[in-house]
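Q: The structure is given below, and queries will be raised subsequently.
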């Protein structure tokens, strides 16, 4: 009787392990789609940067960072949003699994690169949130967009959403500091630090304006009015 019990337990364990491996493999395939989509966007941005450098002797991009959300982060977001934990629902409801951040020299470059990227024929714009024209209450500024790009797999093409953020060096520095403070105090930031961060955001905006004016004067560039993109609600 003991031998039968042992064999049954081993059988159940093997089945559980097999199911866990299959789930792992599905999750890896799921994340790979977003990795490929992220690469497509990185390539597009790299081409724009190289074209500007060679044809205009000017590089509007300071640096580019990319990331794929970790499985833990995805699970936490699924729980927060209260959505079904299946791949189809996650694809439809969680649009920032793949992210690319483009840091530019000036605000004008932010809008210029946004236009150049989103006007490409194979790019579909799903959402735009312009926190430069309309900053968050804490002073955060950035231009966010969710775009879809085609990824051609052996099984056929799929449209992959990628979140792209455009910001200036000053905006990026401020956002990095705010994130560190937010993490340190677990979201409960003391009032005097909130006030200081707001003042710093104003100072960063003023720095952006001054540096852009200096750049234009040094290069003899006439100011150009840049109409920000229409903000589309999620």
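Q: According to a simple spin-label model (label point 7 Å from Cα along Cα-to-Cβ), what is the distance in nm between residue 198 and residue 50?
A: That separation, rounded to one decimal, is 4.7 nm.
Q: Using per-residue counts of other Cβ atoms within 10 Å, averaged over each peptide, order 173-179, 37-43, 51-57 from highest down. The partial results should precede the final answer.
A: Numbers: 173-179: 16.0, 37-43: 19.1, 51-57: 10.7.
Sorting 173-179, 37-43, 51-57 by mean packing, highest first, produces 37-43, 173-179, 51-57.
Q: FRET efficiency for residue 27 and residue 183, Cβ-Cβ distance as r, R0 = 30 Å, nearest 0.05? Before the final figure, lay out the partial values.
A: Working: r = 26 Å, r/R0 = 0.88.
For R0 = 30 Å, the calculated efficiency reads 0.70.
Q: At q = 0.17 Å⁻¹, what log₁₀ I(q)/I(0) does the chain have when each alpha carbon counts as one equal point scatterer in the Debye sum?
A: Summing over Cα pairs of the chain leads to -1.34.
Q: Follow-up. Suppose R0 equals 25 Å. What FRET efficiency, 1/(1 + (r/R0)^6) with r the Cβ-Cβ distance, do residue 206 and residue 136 give to the nearest 0.05? It would help to have the intermediate numbers written out before the result.
A: Details: r = 18 Å, r/R0 = 0.71.
FRET efficiency, residue 206 to residue 136: 0.90.
Q: Now, a different point. So, in nm, how far is label residue 158 from label residue 16 when the simple model puts each one 7 Å beyond its Cα toward the Cβ?
A: The answer from the label model is 3.0 nm.
Q: Run the quick spin-label model on residue 80 and residue 217: label points 7 Å from Cα toward the beta carbon, then report their separation in nm to one decimal.
A: Inter-label distance under the simple model: 4.3 nm.
Q: Sticking with this structure for a sec: To the nearest 500 deg cm²/dmol, what mean residue ellipticity at 222 nm is calculated for the chain from DSSP H runs of n ≥ 4 alone, each contributing -39,500 (n - 2.57), summed and divided by the residues? Please list the in-between numbers first.
A: Details: 6 runs with 130 residues, N = 234.
Estimated from H runs of four or more residues: -19500 deg cm²/dmol.
Read-outs: derived from the displayed coordinates by stated rules, not from any lab. This is a predicted model, so every value here is computed, not measured. Note: ideal-geometry Cβ built from the backbone for every residue, glycine included; neighbour counts use all protein chains shown.
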